[in-house]
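Structure, as structure tokens:
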Amino acid sequence: MSWTPDHAVSVLKSDGLRSVWLVQRPGEEPRTVKFWPVSSWMLVKHAMGISQPIRQDRGCRRLRGAGIDTPKIVSGPMVTSVEGRRVIRLELDHVPGRTVLEHLECGSVDAAAVSEVARQVGALVYSIADAGFMHRDLKLSNIVVEEFDDAPPKVWVIDPVGVRQCRNRSVAIFRMLERLDVEIRSGRDVAGIGWSSVVREAMRPLSPSERRAVLSMLRARPRP
């Protein structure tokens, strides 16, 4: 790519001008900066409040308002110009670490760390549902594990675009568990996550009738 934003450290994802960068300005904390090229249709969706940048902003505010860990938006979304083309720019706090998918695929994590990550992922699913929301794209690759030397790891939702209102906790939990499992069902080598721990923690605070409803839906869609 010929274009690089000011103070870029690395490119995290790139598809032309649609890109995600790690940026660190002198004397400041690192940030994640996202760019989307502007088209006529993008502007229409942006004005309607349904463009991806707007949905990310809205999802972030919903999760943070419910006390769920997701990177804070520092600025944007705003329309700006890059190489003579209009783009929408969004800047967020950067969370260091690997995604849960990368964390498990590296093969060097110990059993206690995996168990703690599984527990936190399950608790995350419940917390989103209990707040009256559902994340339609909650995948292992959309959750980052921040690791510490003297404390347990901590999980963050890094892409809240798919956060929607859902007042049925059982349905929300089922849908998120089903989506969370997508990398495993597609054959990725991540069976070490301790799937039963994720499901158990997600359902633990539910009433008996809600647990039965979730289990019934899960059994209707058995894992391979």
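Provide the FRET efficiency to the nearest 0.05 for the Ser40-Ser14 pair, computing r from the beta carbons and using R0 = 25 Å. The calculated FRET efficiency here is 0.60. A simple rule links phi to the HN-Hα coupling: the Karplus curve 6.51 cos²θ - 1.76 cosθ + 1.60 with θ = phi - 60°, which for the range 33-50 gives 10, 10, 10, 10, x, 8, 10, 4, 5, 4, 5, 4, 5, 5, 5, 7, x, 10 Hz, with x for Gly and Pro. Oblate is the label for the range 25-92, because the ratio a/c of its alpha-carbon gyration tensor axes (a ≥ b ≥ c) is 1.5 or higher and a/b is not greater than b/c.
Using the C-alpha atoms of the chain, what convex hull volume per residue, in cubic angstrom, is computed? Provide the component values of the computation, followed by the final result.
Working: hull volume 32.9 nm³, N = 224.
Convex hull volume per residue, Cα atoms: 147 Å³.
By the helix-only formula, in which each DSSP H run with n ≥ 4 contributes -39500 (n - 2.57) and the sum is divided by residues, the chain has a 222 nm mean residue ellipticity of -11500 deg cm²/dmol. Which residue fluctuates the most in the chain, going by a Gaussian network model with Cα springs under 10 Å, if the choices are Ala129, Ala66, Ala151? Answer for the Gaussian network model of the chain: Ala151.
When you restrict to C-alpha pairs under 8 Å that are six or more residues apart and normalise by the size of the range 70-177, the relative contact order lands at 28 percent. With r defined as the distance between the Cβ atoms of Glu28 and Arg136 and R0 fixed at 41 Å, what FRET efficiency is calculated, to the nearest 0.05? So, using R0 = 41 Å, E works out to roughly 0.80. Scoring 83-93, 135-145 by mean Cβ neighbours within 10 Å over their residues and listing the highest first yields 135-145, 83-93.
Bear in mind these aren't lab numbers, they're just calculated from the coordinates by the rules spelled out. These numbers come from a predicted model, not from an experiment. Backbone-built Cβ (ideal geometry, glycine too); neighbour counts: all protein chains shown.
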